[in-house]
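Asks: Have a look at this one.
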Amino acid sequence: MAKILAVEDEPDTTTLLRTVFERAGYEFLSRADGPAGLRTLHEERPDLVLLDVALPGMDGWTVLERIRDLADLPVLMLSANGMECDKVRGLRSGADDYVTKPFGTDELLARAEAVLRRATRIPAPRDERYSDALVRIDRRRRIVTVPDRDGDERAVDLTNIEFRLLNTFVQHVGAVLTPVQLLEHAWNDPTGLGPERVKFAVLRLRRKLGWNRADSPIQAVRGTGYRYRGR
Ligand code: CA
């Protein structure tokens with residue numbers, strides 16, 4: 001049975017969430033602030049986090065950043081603010097989906113279950129190692145290193161999605177991959193949240209690898225997709 005953790009400070013909303021998810025057969029935990037939520041995440045290893053944006057003290061965005069530094073755990077953001085910029089911010093920060101309050105309970109449950117399904121269908125990479133002049137990947141040990149300016153190897157911490165995205169690129173050196181192809185390979189989800197999600201994941205991957213300059217090895221091909229040029 002999947003375990004759901006809600007980080008939500010409004011008791012009425014927490015009660016509603018508990019009713020919805022327990023009735024649907026999930027184990028449900030809740031915490032009223034970010035630090036308690038992060039501790040519980042370590043201790044209880046939930047399968048999905050429902051994360052309120054407006055929390056006392058540490059806000060939901062900061063909590064999301066902390067989660068994303070550590071894990072690819074699916075996160076569904078809850079917010080009273082339905083503005084487009086907030087949705088974009090949520091996706092850019094690595095949220096898996098975004099629901100605006102007041103939400104319909106059927107819709108919320110359906111979206112949570114879609115996020116859970118996507119998270120559990122992850123393909124395994126084939127060869128154990130990849131390396132070229134730009135990057136080395138040890139797939140079994142899940143280690144990625146890039147040469148720094150002095151030629152030393154620098155280890156890069158990637159989330160699971162970023163790791164799969166990088167593997168998808170290096171398996172198709174020189175080829176232009178469309179967002180749909182990347183969703184299919186890296187997310188195993190061609191009908192998912194779409195190009196915005198790919199764009200922000202590529203931006204995060206480039207930043208972490210130090211490839212966010214003009215001559216980045218991962219190039220955006222206008223109107224088409226992305227290409228890893230290799231070396
Ligand atoms: Ca709140």
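Asks: Could you give the dipole magnitude of the chain about its Cα centre, charging the beta-carbon of Lys and Arg +1 and that of Asp and Glu -1, in debye to the nearest 20? Could you put the intermediate results ahead of the total?
Replies: On the way: 37 positive and 36 negative charges, 235 e Å.
The dipole of the chain has a size of about 1120 debye.
Asks: Convex hull over the alpha-carbon atoms of the chain: what's its volume per residue in Å³? Show your work: numbers first, answer last.
Replies: Working: hull volume 31.6 nm³, N = 231.
Enclosed volume per residue, from the Cα hull, is 137 Å³.
Asks: Tell me the net charge near ARG68. Cut-off is 10 Å between Cβ atoms, ARG68 excluded, with +1 for each Lys or Arg and -1 for each Asp or Glu. Please report the intermediate quantities before stating the final value.
Replies: On the way: positive: ARG66, ARG204; negative: GLU65, ASP69, ASP72, GLU162.
So the environment of ARG68 carries a net charge of -2.
Asks: Could you please report the charge total around PRO217, scoring K, R as +1 and D, E as -1 over all other residues with beta-carbon less than 12 angstrom from its beta-carbon?
Replies: After counting each charged neighbour, the total is +3.
Asks: Additional query: Lysines near LYS101 by alpha-carbon distance under 27 Å, same-chain residues fewer than 8 away left out - which ones?
Replies: LYS3, LYS87, LYS199
Asks: Please list the non-local residues whose amide H lies under 5 Å from the amide H of VAL176, H modeled 1.01 Å from N, same-chain partners needing a gap of 5 or more.
Replies: none
Asks: Now a separate question. So if I place +1 on the C-beta of Lys and Arg and -1 on the C-beta of Asp and Glu, and nothing else carries charge, what would the dipole magnitude of segment 2-88 be about its Cα centre? I want it in debye, nearest 20. Before the final figure, lay out each step's value.
Replies: Details: 9 positive and 17 negative charges, 48 e Å.
Charge dipole of segment 2-88: 220 debye, to the nearest 20.
Asks: Now for a different question. Would you work out the Kirkwood radius for segment 1-92? I mean one over the mean of 1/r across all pairs of different Cα atoms, in Å.
Replies: Hydrodynamic radius (Kirkwood, Cα only) of segment 1-92 equals 13.2 Å.
A short reminder: the numbers here are calculations on the coordinates, not readings from a lab. These numbers were taken from a predicted model, which means no experiment stands behind them. Cβ coordinates were reconstructed from backbone atoms using ideal geometry, including for glycine residues, and neighbour counts include every protein chain displayed.
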